[in-house]
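Peer 1: Before I ask anything, let me first share the structure, which is written out below as structure tokens.
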Amino acid sequence: MRICIFGAGAIGGYLGAMLAEAGHEISLVARGAHLQALKSNGLALEIGGRTLKSRPRASAETVELGPQDHVIVSVKAPALPSVAKTIRPLLGPETTIVTALNGIPWWFFQGFGGAHDGRRLASVDPDGTLARGLEARRIIGCVVHAGCSVPAPGVIRHSSGDLFILGEPAGGESPRVRALAQAITGSGLRAEVHPRIQQAVWMKLLGNMSMGPVSILTGGTLLGMARDPGLRKLCAAMMEEAVAAGNRFGLDPGMTIEARIDLGAKLGEFKPSMLQDLEKNRPMELDAFLAATIELARLVDVPTPTIETIQALCLHKARVAGLYPA
């Protein structure tokens, strides 16, 4: 397969390196020092006590890479408008766009059914840029359960997990999703096809939308927040509001709220990605985690006072740091 990783950072680089090792034709879209290292030295993946090295094509310009079978978009939500405006040269007639993202995506209601089927979420796609540039018919949803980092430009370090959950927004199991899942599984990773990918998105979101924002306000790690009675209660209150909204859409939290907090704590003294972004002075996924959750809740008249309070505090902190528009 010809597969382009759009955003070859920690997760994108991990997936790209494993697929390249399995013999697929991989290309990477990257920027800055990371791109220069990829061009000069190739991609190195540190995993299980060994280092896998490959030399996929890498560029900042999509026109240099040409049409693909799949484009796996693995960027943070604030970078998506740029992806939508530059992805076109990578797309052939049947190319899929695989969204390996955190948070609630703009396509969440595509094929969802019910009263809100096809709705564009204004919180994450206010002017329709994503809906126009990343066509719904091409989308394959992807939820990632893996931990990786970029210790140096061109180097990816795997720390935990290897699961990629795939699914069509409209549900079911299509040939294109099965083929991609087989390619990922064939590279030594785990891939599952979910009959309702929005459910998998929702289950991961419940941890991200609570513990992530609280971490940027407190500096807490996942284990530290879980052990702190006050912060644990705060995260649980946020999850309770989200779960109440999700129930109205038929979305199952999958486990108790206490179990969800404990699941995050199993990663130990780990800083959520949102806190890592703040410390590196990078835009955070506040809209995809918080604003989108609030928007969903308002559609079904579920109050979210705790989530809205945390959102206000986080937005102020982000604006003071110059990481969110005034």
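Peer 1: What lysines does LYS53 reach when the alpha-carbon gap must be under 16 Å and sequence neighbours fewer than 8 apart in one chain are set aside?
Peer 2: Straight-line reach from LYS53, under 16 Å: LYS39.
Peer 1: Which order do HIS145, HIS70 fall in if you start with the one that has the fewest other Cβ atoms within 10 Å?
Peer 2: Ascending number of Cβ neighbours within 10 Å: HIS145, HIS70.
Peer 1: In which sequence would TYR324, TYR14 go, from the one with the fewest C-beta neighbours within 10 Å to the one with the most?
Peer 2: Details: TYR324 17, TYR14 30.
In order of increasing Cβ crowding within 10 Å: TYR324, TYR14.
Peer 1: Please report the antiparallel percentage of DSSP beta bridges with both residues in the chain, rounded to the nearest 5.
Peer 2: Beta bridges within the chain, antiparallel portion: roughly 35 percent.
Peer 1: Now for a separate question. Provide, in order from the shortest bin, the percent of all Cα-Cα pairs of the chain in each 10 Å bin, continuing until the bin that contains the maximum pair distance.
Peer 2: Reading the bins upward from 0: 6, 27, 36, 25, 6, 0.
Peer 1: Let me ask something else. In whole Hz and in residue order, list the ³J(HN,Hα) couplings for region 43-55 that follow from phi through the Karplus curve 6.51 cos²θ - 1.76 cosθ + 1.60, θ = phi - 60°; x for Gly and Pro.
Peer 2: Karplus values, whole Hz, x for Gly and Pro: 9, 10, 10, 8, 8, x, x, 9, 10, 9, 10, 8, 10.
Peer 1: Compute the helix-to-body angle for 10-21: its Cα long axis versus the longest principal axis of the chain, expressed 0 to 90° and rounded to tens.
Peer 2: It is inclined by approximately 30 degrees.
Peer 1: Same structure, new question: Determine the dipole magnitude for the chain: charges of +1 sit on the beta-carbon of Lys and Arg, -1 on that of Asp and Glu, nothing else is charged, the reference point is the Cα centre, and the result goes in debye to the nearest 20. Spell out each step's value before the answer.
Peer 2: On the way: 33 positive and 29 negative charges, 130 e Å.
The calculated dipole for the chain is roughly 620 debye.
Peer 1: Going by how many other Cβ atoms sit within 10 Å of their own, how do ARG137, ARG57, ARG157, ARG260 line up, fewest first?
Peer 2: Result, fewest neighbours first: ARG137, ARG57, ARG157, ARG260.
Peer 1: THR256 to ALA22: extension gain in nm, 0.36 nm per residue of separation minus the Cα-Cα distance?
Peer 2: 80.4 nm
Peer 1: Then there's this: Just to confirm my numbers, what's the Cα centroid distance between region 222-285 and region 70-88 in Å?
Peer 2: 26
Peer 1: On C-alpha positions alone, give me the angle between the axis of helix 229-248 and the longest principal axis of the chain, in degrees, nearest 10.
Peer 2: Between the helix axis and the principal axis of the chain, the angle is about 80 degrees.
Peer 1: In addition: Between ARG298 and SER82, 0.36 nm times their residue separation minus their Cα-Cα distance comes to what? Please report the intermediate quantities before stating the final value.
Peer 2: Numbers: separation 216, 0.36 × 216 = 77.76 nm, distance 2.84 nm.
Residue separation times 0.36 nm, minus the Cα-Cα distance, leaves 74.9 nm.
Peer 1: Rounded to the nearest 500, what is the chain's calculated 222 nm mean residue ellipticity when only DSSP H runs of at least 4 contribute -39500 (n - 2.57) each, over all residues?
Peer 2: Value at 222 nm, helices only: -12500 deg cm²/dmol.
Peer 1: Can I ask one more? What is the local net charge at ILE307, summed over the other residues whose Cβ is closer than 12 Å to its Cβ (Lys, Arg +1; Asp, Glu -1)?
Peer 2: That sum, taken over residues with Cβ under 12 Å, equals -3.
Peer 1: Please work out how much length the chain gains when fully extended from ALA152 to GLU279, using 0.36 nm per residue of separation minus the C-alpha to C-alpha distance, in nm with one decimal.
Peer 2: 44.1 nm
Peer 1: Still on this structure: If r is the Cβ-Cβ distance from ASP117 to GLU94 and R0 is 22 Å, what FRET efficiency results, to the nearest 0.05?
Peer 2: 0.35
Peer 1: Follow-up. What is the sum of charges, Lys and Arg at +1 and Asp and Glu at -1, for the other residues whose Cβ falls under 13 Å from the Cβ of ARG138?
Peer 2: Result for the local shell: 0.
Peer 1: Lysines within cross-link reach of LYS280: Cα-Cα under 17 Å, excluding same-chain residues under 8 positions apart?
Peer 2: LYS76, LYS271, LYS317
Peer 1: Related question: Remind me, what semi-axes does region 199-320 give for its equivalent ellipsoid, largest first in whole Å, using sqrt of 5 times each Cα gyration tensor eigenvalue?
Peer 2: 21, 17, 12
Peer 1: Send over the per residue convex hull volume for region 2-195, Cα only, as a whole number of Å³.
Peer 2: Dividing the Cα hull volume of region 2-195 by its residue count gives 108 Å³.
Peer 1: Taking the Cβ-Cβ separation of THR309 and THR129 as r and a Förster radius of 25 Å, what is the calculated FRET efficiency to the nearest 0.05?
Peer 2: On the way: r = 29 Å, r/R0 = 1.17.
E between THR309 and THR129, to the nearest 0.05, is 0.30.
All of the numbers you see were taken from the coordinates with simple rules; none came from a lab. All figures in this text were calculated on a predicted structure; none of them were measured in a lab. Cβ coordinates were reconstructed from backbone atoms using ideal geometry, including for glycine residues, and neighbour counts include every protein chain displayed.
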